[in-house]
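This report concerns only the one structure given below.
The values are calculated or read from the model by the stated rules, or taken from the named source; none is laboratory data. Computed from a predicted model, the values in this text were never measured in an experiment. Please note: Cβ atoms are built from the backbone with ideal geometry, for glycine as well, and neighbour counts cover all protein chains shown. Surface accessibility is based on the protein's heavy atoms, side chains included, excluding ligands, DNA and RNA. Shrake-Rupley method; radii C 1.70, N 1.55, O 1.52, S 1.80 Å.
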Amino acid sequence: MQFFIVIAAYVFCYALTVFIVTPLQGMVLPDVTAFASLVFFPHGVRVLATWAFGWRAIPGLLVGAVICTLLLTPADYAELLRPAVLEAIFLGSVVAFGAFEVARLAGYDFYWRPANRLSWKGLIVIGAVASIANSVGSTLIYAGLIGVNQLDDVLLIYAAGDLIGLIACMLALMLGFRWARLVGTAKKQ
């Protein structure tokens with residue numbers, strides 16, 4: 001079930017990015033919009049799914065990203081960049097797990113467990129580390145396709161977009177938890 005939850009969340013958030021964020025961003029930053037999104041909601045899914053499911057989130061993230069590439073990316077773009085796209089899909093699917101594991105090895109276990117207290121700050125740090133790894137890795141993957149004059153902008157937008165997407169997803173999750181608690185309390189009365 002978690003596999004399908006991760007896929008559905010990833011596809012939904014990717015669609016929000018493609019159909020809402022990208023057109024708006026294209027009006028302001030047309031040169032970098034093909035490579036990076038200023039608000040990339042799927043990064044929030046990457047971090048939160050990995051927080052909840054650990055390594056088991058990776059297959060759902062991979063499948064979700066492939067589905068999004070096939071269904072929501074222009075065919076000529078997907079065909080032209082197939083090797084780079086596959087590398088970027090793999091990188092994006094594992095960066096959050098890598099960040100969680102680095103933190104765990106350093107003595108900070110931020111994975112969800114019933115005994116662990118939720119650390120929003122820890123998730124933001126994990127998201128930032130994953131974002132930096134993803135932005136540097138993606139910039140390297142697309143290095144031959146991104147003009148040197150665009151490199152700084154693309155790198156910055158990758159990092160900012162991932163982090164803004166994570167924070168937006170965390171806020172949505174927090175509001176969802178709060179709503180669920182209110183509904184649960186109302187049913188008990």
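Can you give the local net charge around residue 170? Use residues other than it whose beta-carbon is closer than 15 angstrom to its beta-carbon, Lys and Arg +1, Asp and Glu -1.
Summing Lys/Arg as +1 and Asp/Glu as -1 gives +2.
Over the chain, what relative contact order in percent results from Cα pairs under 8 Å that are six or more residues apart? Please report the intermediate quantities before stating the final value.
Details: 222 pairs, mean separation 58.2, N = 189.
In percent, rounded to a whole number, it is 31.
Summarise the accessible area of the chain (1.4 Å probe, protein heavy atoms) by the percent that is carbon and sulfur.
Roughly 73 percent, rounded to a whole number.
Which one of 184, 38, 166 has its Cα pushed farthest toward the positive end of the charge dipole of the chain, where Lys and Arg give +1 and Asp and Glu give -1 at the Cβ?
184
Provide the net charge surrounding residue 132, with neighbours chosen by a C-beta distance below 14 Å and charges set as Lys +1, Arg +1, Asp -1, Glu -1.
0
With a 1.4 Å probe and every protein chain left in place, work out the accessible area per residue of the chain in Å², rounded to a whole number.
I get 56 Å² per residue for this part.
In a Gaussian network model over the chain where Cα atoms closer than 10 Å are linked, find which of 139, 17, 73 has the largest mean-square fluctuation.
73
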